[in-house]
2 protein chains.
Amino acid sequence: MRGMTDPFGSLSLELASTVDRVADELRRAVFDGELESGTPLREVALAESLGVSRSTLREALGVLVAEGIAVREPNRGVSVASPDPESIRDVCRARAVLELAGVRRWAEADESLRDELRDALVAYTTAVREGASYHTLNERHLAFHLGFVQLLDSPRLVAMAETLYAELRLALAQIDRIRRNAHDQAGSHTRLVMMLERGDVDGAATDLGAHLAGAERDILEALALP
Amino acid sequence: MRGMTDPFGSLSLELASTVDRVADELRRAVFDGELESGTPLREVALAESLGVSRSTLREALGVLVAEGIAVREPNRGVSVASPDPESIRDVCRARAVLELAGVRRWAEADESLRDELRDALVAYTTAVREGASYHTLNERHLAFHLGFVQLLDSPRLVAMAETLYAELRLALAQIDRIRRNAHDQAGSHTRLVMMLERGDVDGAATDLGAHLAGAERDILEALALP
DNA sequence: ATTGCCGGATTGTCCGACAATCCGACAGCG
DNA sequence: CGCTGTCGGATTGTCGGACAATCCGGCAAT
């Protein structure tokens, strides 16, 4: 056993629990806009609609609630969370803390983590250039921002950031009609990374802070329109 | 309806769902050391021991797992999480990010939040002076540290910090025999706040960083002994 | 030493049931 | 008209039982 490299290291298999698959499907439905925010998720209806028992559906709902995608009111069931301005502000404030902390760690971070961020950037910019779908644009954009948090090299902080992004996705799913100026964002993002490569961490931090504040403002505006 | 202050604003009632009570009881048992880390939490046994159905117990276990207090292995059940050095390091790194971000915001934070931090400090120091129980010392100490995160004025970041502290409590529950130099810590903490009052944010940040690094080292050492 | 098989224990999932609670409607009553 | 009490339907919270799938340890067979 000792000293020998595992010959099957590349093998793995993900067995998807039924609960997980149900949660995945619900997430997808929410982020794809099939379920408007505020829609009540009735247990019996959803259960037989998905072909699962009420017990397992309840468990899946618990997952969604824990992720902040849905809210549960005692004795009144769970419904798709409706992002109010207050929570949007909070999510943006929280993500700013995490991402800025990541930026400030650029120099000390592991090279592979920096590379991941660079890769995420090119994935995003190419998606922008090729005029990808709004959905993939959002995903690439969030993946890029997650790259900053990954610089902190802390699985828990990354997981926290992902739950924050889940709430952002929920909010964005409501305003997907508004195609924002993605090209401009791509430009500002490459500029940001270039500042980092040059060693200007403070400049990048203030730049990112401004970008995040702008994103928060955009979301709030778009959300207040209807 | 408009302009009138709610005459019943002070009223509220917390109806404790059975699941919540079960989760609370399990948390208490874990943090009080009644359940050693690694102990498997058998569903049928625990369910009838607590006088609840297996369904509700399962749901409560899901809560514990989501909080990181327990871990679930597919088809093998959930057991009390055993804090390995890697996760300890991660938790400490994550809390450092959050607490340091809070310290850096001392000047801009709301006065009431600063006051809460001051109150938490005196609560802790008096507990130290009066030789309170190890358990309450831990609680006051963590409450003080949480005060830094509260300076960020973000409910989500506070909630994240609390789950991090839950994992810390779990680790501390394993080494409660070792009574650490709480008096010294109280001194360093008051010194830290005094630096903040004086406006020396950078000094307080480096001080807190060192303190957190020391705490991480202490926990890792104490955990490696047995 | 490895493999194959078996039996008990435990989880994952399903089903049906029931009380508690909530909601809307509707009647009663000042 | 506004407020209060009541009723029925719908939904959740919790329960108990059931069963296949999976895991684990031991033991036999190769």
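Couple of notes before you dig in:
- Any hit, the stretch B:95-106, residues being part of a loop (DSSP other than H, G, I, E, B) and at pLDDT 95 or above: yes
- The single condition among (1) of a type in the set (A, V, I, L, M); (2) modelled with pLDDT of 95 or more; (3) surrounded by 21 or more Cβ atoms within 10 Å (Cβ to Cβ) that residue A:166 does not meet is (3).
- Qualifying residue in the stretch B:93-115 (condition: within 14 Å of chain A (Cβ to nearest Cβ) and loosely packed, with under 14 Cβ neighbours inside 10 Å): yes
- Unmet requirement for residue A:3, which otherwise passes all of (1) on the phi > 0 side of the Ramachandran plot; (2) at pLDDT 95 or above: (2)
- Hey, residue B:58 in contact with an Asp or Glu (Cβ under 7 Å, 6 or more places away or on another chain), assigned to a helix (DSSP H, G or I) and open to solvent by 60 Å² or more (accessible area, probe 1.4 Å) or not: yes
- Test: residue in the stretch B:51-66 that is at pLDDT below 95 and away from DNA strand C (no atom under 14 Å from the Cβ): no
- Residue in the stretch B:45-55 that is more than 12 Å from DNA strand D (Cβ to nearest atom), outside any loop (DSSP other than H, G, I, E, B) and touching a residue at least 24 places away in the same chain (Cβ under 8 Å) present: no
The values are calculated or read from the model by the stated rules, or taken from the named source; none is laboratory data. Since we're looking at a predicted model, the values are computed, not measured. A quick note on method: Cβ atoms are made from the backbone with ideal geometry, for glycine too, and the neighbour counts reach across all protein chains shown. Please note that ligands, DNA and RNA were not included when accessible areas were found on the heavy atoms of the full protein model with its side chains. Shrake-Rupley method; radii C 1.70, N 1.55, O 1.52, S 1.80 Å.
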